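S.K.: Before I ask anything, here is the structure I am working with.
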Amino acid sequence: MATEQKNAIVLTPTAADRDPVKYNRRRRTTEVTLAIAVPVVLLVILQIGADQEWWSRIFYPSVTDVVRELRSMFVERDFAYDLWVTIRRLMLGYIFGSLVGLLFGFVLGLNRLTRKALEPLLNALYTVPKIALLSPLLIAFGFYDKPIVVLIAITVFFFVWVPTQSAVMSVQASFREAATVFGVNRWQMFRHVMLPATLPSIFVTLRVAISVAILTVIGVEFVFAPQARGLGYIINDARSTLSSRVAWAGILIASVLGVTFTWIVRIAERLLLPWNKEDQGSKD
Amino acid sequence: MAAKIVASQVMRYFGSKDDRVHAVGELNLEINDGEFVCIVGPSGCGKSTFLRIVGDLIRPSDGEVRINSSKTRPASMVFQDYSIYPWKRVIDNARFGLDIAGVPKKEGNERALKYLGKLGLADRARSYPATLSGGMKQRVAIARALAVEPEILLMDEPFAAVDAQLREILQEELLALWQADQRTVLFITHSLDEAILLADRVLVMSARPGRIIADIKVPFARPRDPSVRSSAEFAKLEGELRELLRNEVNSHLASLEAK
């Protein structure tokens with residue numbers, strides 16, 4: 001804080017400088033409190049608003065309404081099956097799509113010839129709206145799980161291939177040169193240098209891809225016939241039958257899915273990338 | 001003394017026809033087995049490029065470099081920006097060259113630990129590089145290069161990114177290490193006093209395109225005592241080299257202006 005006194009600027013300690021430990025502790029408490037309080041307050045306002053009918057309780061049910069509906073969906077309407085069906089499609093599509101995406105990312109990133117050969121074709125396919133592939137896929141694979149899984153896999157593939165290839169191609173030249181001087185063969189270069197160098201950004205890509213996969217599976221289930229079942233079907237069906245509580249319950253579950261799977265990817269990252277941790281000990 | 005590295009009529013260009021940069025050439029030099037040679041020269045003169053040719057990272061555009069050795073990869077390199085791997089612990093970084101060569105892990109660990117010890121880093125073997133200072137990272141890079149016990153050590157301004165006091169310490173450590181096995185060393189530096197302290201011979205390179213304009217034998221005895229830095233002879237030699245380089249840089253600038 002500076003005070004001006006007749007041509008003098010005096011620079012004195014701020015509260016943060018005087019007692020950094022106390023200041024930081026106080027700041028951290030505030031931040032944690034806010035992180036919890038904001039969603040809680042929002043939910044409380046939603047609950048009261050619905051109870052007091054500040055808005056139509058039919059279209060915007062309260063928290064308790066939604067939770068109650070959720071329980072009834074599980075008990076009376078076999079919602080667990082829909083959820084299971086969606087998760088199964090999600091997992092299969094995501095795993096296949098990202099594995100192939102990683103494969104292409106690495107092969108095209110490392111091998112100039114294959115890249116020049118395949119990139120134009122893949123770029124052309126990238127921009128095809130995947131919904132357009134629905135009919136040919138149905139004809140090719142029949143009903144219902146296979147075309148949905150393939151659609152998710154294709155969508156995830158593109159989302160994983162592009163950033164992976166880019167990450168592979170931007171590995172520091174000096175990392176590669178240091179290995180070349182020791183006479184590494186291709187496998188050694190991949191295992192010791194290219195793979196670990198790109199893993200941090202690959203995990204970011206995988207986190208984005210799981211969100212994309214969830215959006216895709218729900219969207220696709222919107223479009224499919226009721227016999228396909230699934231979370232997307234439940235949400236969409238609720239819209240058309242004006243059961244807003246079911247719709248909101250479905251949306252809540254979709255959000256829970258997103259948070260859960262993203263968290264799983266983060267855990268995997270923390271296990272596989274121990275060098276990225278903050279708490280490694282003091283610098284010299 | 002047997003010749004270890006012989007460069008004959010080496011030329012190196014970069015880029016294509018109209019945009020072509022003549023980086024190095026014509027370069028002719030000979031480095032003998034067990035010699036410590038420093039190359040000094042103005043920025044951009046092609047010293048690093050030449051080093052990378054010797055390390056087989058790039059090939060000459062013309063001429064040849066002959067390395068007299070029975071091994072396929074007789075040289076080890078230390079880079080200016082350390083280039084140690086953040087995803088490997090210090091011990092794994094130091095052992096890297098040995099892993100690549102197929103040395104069993106147990107033996108590899110022993111050798112890596114030995115060199116880390118010589119560089120004062122044995123207690124940080126299990127740390128990750130993110131927790132090390134710049135000077136420590138550079139020592140890991142040196143340990144990595146030495147652990148394979150190479151016939152030739154190539155060093156590209158390895159102490160450039162390190163502070164002055166640490167730099168002196170590392171120079172002395174390198175002298176001691178070299179004295180033990182006396183490998184062939186090709187060391188690139190901007191610093192004249194560093195070159196004279198460390199080398200048996202100092203090669204002065206011209207401004208781009210780089211050619212050798214002076215080949216000076218350093219008169220001080222081996223083992224080299226760091227106190228030679230303060231001797232009159234040292235200052236005189238440094239003065240001569242500085243003059244040589246200054247003339248080179250001035251005439252190069254003049255020729256650029258004339259264009």
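The values are calculated or read from the model by the stated rules, or taken from the named source; none is laboratory data. Only a predicted model underlies this, so the values are computations on that prediction, with no experimental measurement involved. Don't worry about glycine lacking a Cβ; one is built from the backbone with ideal geometry, like all the others, and counts go over all protein chains shown.
A quick yes/no check of all residues on (1) buried (at least 20 other Cβ atoms within 10 Å of the Cβ); (2) of a type in the set (Gly, Ala, Ser):
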site: A:Ala153; (1), (2): yes, yes
site: A:Phe158; (1), (2): yes, no
site: A:Met189; (1), (2): no, no
site: A:Ile202; (1), (2): yes, no
site: A:Ile218; (1), (2): yes, no
site: A:Ala238; (1), (2): yes, yes
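S.K.: Determine which single condition A:Phe143 fails, assuming it passes every other condition in (1) in a loop (DSSP other than H, G, I, E, B); (2) aromatic (Phe, Trp, Tyr); (3) within 13 Å of another protein chain (Cβ to nearest Cβ).
M.R.: Single failed check for A:Phe143: (3).
S.K.: Related question: With more than 15 Å from B:Cys38 (Cβ to Cβ), surrounded by 21 or more Cβ atoms within 10 Å (Cβ to Cβ) and in contact (Cβ under 8 Å) with a residue 24 or more places away in the chain as the only criterion, which of B:Val204, B:Val148 stands out? Walk me through it before giving the result.
M.R.: Values: B:Val204 fails: more than 15 Å from B:Cys38 (Cβ to Cβ).
Answer to the selection: B:Val148.
S.K.: Name the residue, out of B:Arg208, B:Arg222, that is in a loop (DSSP other than H, G, I, E, B), of a type in the set (D, E, K, R) and within 25 Å of B:Asn28 (Cβ to Cβ).
M.R.: Values: B:Arg222 fails: within 25 Å of B:Asn28 (Cβ to Cβ).
Exactly one residue qualifies, and that residue is B:Arg208.
S.K.: Additional query: Identify the residue in segment B:65-83 that is part of a loop (DSSP other than H, G, I, E, B) and either within 8 Å of chain A (Cβ to nearest Cβ) or at pLDDT 95 or above (or both) and, among all such residues, is farthest from B:Ser127 (Cα to Cα). Please lay out each step first, then the result.
M.R.: Keep residues of segment B:65-83 that are part of a loop (DSSP other than H, G, I, E, B), which gives B:68-74, B:79-83.
Applying the additional criterion that residues be either within 8 Å of chain A (Cβ to nearest Cβ) or at pLDDT 95 or above (or both) yields B:72-73, B:79, B:81, B:83.
Values: B:Thr72: 32, B:Arg73: 29, B:Phe79: 21, B:Asp81: 19, B:Ser83: 16 Å.
Only one residue tops the list, namely B:Thr72.
S.K.: Quick one: count up the residues across segment A:83-95 that are in contact (Cβ under 8 Å) with a residue 60 or more places away in the chain and either in contact with an Asp or Glu (Cβ under 9 Å, 6 or more places away or on another chain) or among the aromatic types (Phe, Trp, Tyr) (or both).
M.R.: Step one: list which residues in segment A:83-95 are in contact (Cβ under 8 Å) with a residue 60 or more places away in the chain, which gives A:83, A:85-87, A:89-90, A:92-94.
When the remaining residues are screened for being either in contact with an Asp or Glu (Cβ under 9 Å, 6 or more places away or on another chain) or among the aromatic types (Phe, Trp, Tyr) (or both), the result is A:85-86, A:89, A:92, A:94.
Within segment A:83-95, residues that are in contact (Cβ under 8 Å) with a residue 60 or more places away in the chain and either in contact with an Asp or Glu (Cβ under 9 Å, 6 or more places away or on another chain) or among the aromatic types (Phe, Trp, Tyr) (or both) number 5.
S.K.: How many of the residues in segment A:205-233 are farther than 16 Å from A:Gly258 by Cα and under 18 Å from the mean Cα position of the chain (by Cα)?
M.R.: We begin by selecting, within segment A:205-233, every residue farther than 16 Å from A:Gly258 by Cα; these are A:220-229, A:233.
From the residues that got through so far, the ones that are under 18 Å from the mean Cα position of the chain (by Cα) too are A:220.
Final tally of qualifying residues: 1.
S.K.: Please find, among B:Ile91, B:Ile58, B:Ile31, B:Ile39, the residue that is part of a helix (DSSP H, G or I) and modelled with pLDDT of 90 or more.
M.R.: Working: B:Ile58 fails: part of a helix (DSSP H, G or I); B:Ile31 fails: part of a helix (DSSP H, G or I); B:Ile39 fails: part of a helix (DSSP H, G or I).
Result of the check over B:Ile91, B:Ile58, B:Ile31, B:Ile39: B:Ile91.
S.K.: State whether one or more residues within segment A:40-60 are farther than 21 Å from A:Ser243 by Cα and among the small types (Gly, Ala, Ser). Write out each step before concluding.
M.R.: In the first step, residues of segment A:40-60 are kept if they are farther than 21 Å from A:Ser243 by Cα; the result is A:40-42, A:44-45.
Now narrow it down to the ones that are among the small types (Gly, Ala, Ser): none.
Checked against the condition, which is being farther than 21 Å from A:Ser243 by Cα and among the small types (Gly, Ala, Ser), segment A:40-60 yields no hits at all.
S.K.: Here is a follow-up. Just give me the residues in segment A:105-143 being touching a residue at least 40 places away in the same chain (Cβ under 8 Å) and within 25 Å of the chain's Cα centre (by Cα), in sequence order. Spell out the reasoning first.
M.R.: Of segment A:105-143, the ones touching a residue at least 40 places away in the same chain (Cβ under 8 Å) are A:105-106, A:108-110, A:115, A:130-131, A:134, A:143.
Once the filter is applied, which keeps residues that are touching a residue at least 40 places away in the same chain (Cβ under 8 Å) and within 25 Å of the chain's Cα centre (by Cα), segment A:105-143 yields A:Gly105, A:Phe106, A:Leu108, A:Gly109, A:Lys130, A:Ile131, A:Leu134.
S.K.: Sort out which residues of segment B:56-78 are of a type outside the set (S, T, N, Q) and buried (at least 23 other Cβ atoms within 10 Å of the Cβ), and write them in order of number.
M.R.: So the first thing to find is which residues in segment B:56-78 are of a type outside the set (S, T, N, Q), and the list is B:56-60, B:62-67, B:71, B:73-75, B:77-78.
Residues satisfying the conditions are B:Ala75, B:Met77, B:Val78.
S.K.: If you don't mind, there's one more thing I want to ask. Hey, among the residues in segment A:5-48 that are surrounded by 10 or more Cβ atoms within 10 Å (Cβ to Cβ) and among the basic types (Lys, Arg), which one's farthest from A:Tyr60 (Cα to Cα)?
M.R.: Only one residue tops the list, namely A:Arg18.
S.K.: Here's another thing I want to ask about it. Take residues that are farther than 30 Å from A:Ala213 by Cβ and tell me which of the helices (runs of 4 or more DSSP H) falling wholly in segment A:1-105 contain 3 or more. Spell out how you get there, then give the answer.
M.R.: Working: elements: A:15-18, A:20-51, A:63-76.
The helices (runs of 4 or more DSSP H) meeting that bar are A:15-18, A:20-51.
S.K.: Hey, any hits in segment A:167-180 for a residue that's away from chain B (no Cβ under 14 Å), surrounded by fewer than 20 Cβ atoms within 10 Å (Cβ to Cβ) and among the acidic types (Asp, Glu)?
M.R.: no
S.K.: Follow-up. Can you tell me which of B:Glu168, B:Glu172, B:Glu194 is assigned to a helix (DSSP H, G or I), among the charged types (D, E, K, R) and surrounded by fewer than 17 Cβ atoms within 10 Å (Cβ to Cβ)?
M.R.: Details: B:Glu168 fails: surrounded by fewer than 17 Cβ atoms within 10 Å (Cβ to Cβ); B:Glu194 fails: surrounded by fewer than 17 Cβ atoms within 10 Å (Cβ to Cβ).
None of the other options fit; the residue is B:Glu172.
S.K.: Then there is this: List every residue pair whose Cβ atoms lie under 7 Å apart, where the two residues are 6 or more positions apart in sequence or sit on different chains, the first residue falls within segment B:177-191 and is closer than 19 Å to B:Glu238 by Cα, and the second residue, located anywhere, is polar (S, T, N, Q).
M.R.: The qualifying pairs are B:Ile188/B:Ser48.
S.K.: Go through (1) touching a Pro at 6+ places or on another chain (Cβ under 7 Å); (2) modelled with pLDDT under 85 one by one and return the number of the condition A:Ser201 breaks.
M.R.: Unmet for A:Ser201, out of (1) touching a Pro at 6+ places or on another chain (Cβ under 7 Å); (2) modelled with pLDDT under 85: (2).
S.K.: Farther than 21 Å from B:Glu248 by Cβ and either more than 13 Å from chain A (Cβ to nearest Cβ) or assigned to a loop (DSSP other than H, G, I, E, B) (or both): which single residue out of B:Val103, B:Val10 fits that description? Outline the logic, then answer.
M.R.: Details: B:Val10 fails: farther than 21 Å from B:Glu248 by Cβ.
On inspection, the qualifying residue turns out to be B:Val103.
S.K.: Taking A:Leu137 as the residue in question, decide whether it is at pLDDT below 90 and under 22 Å from A:Tyr126 (Cβ atoms).
M.R.: Numbers: at pLDDT below 90: yes; under 22 Å from A:Tyr126 (Cβ atoms): yes.
Answer is yes for this residue.
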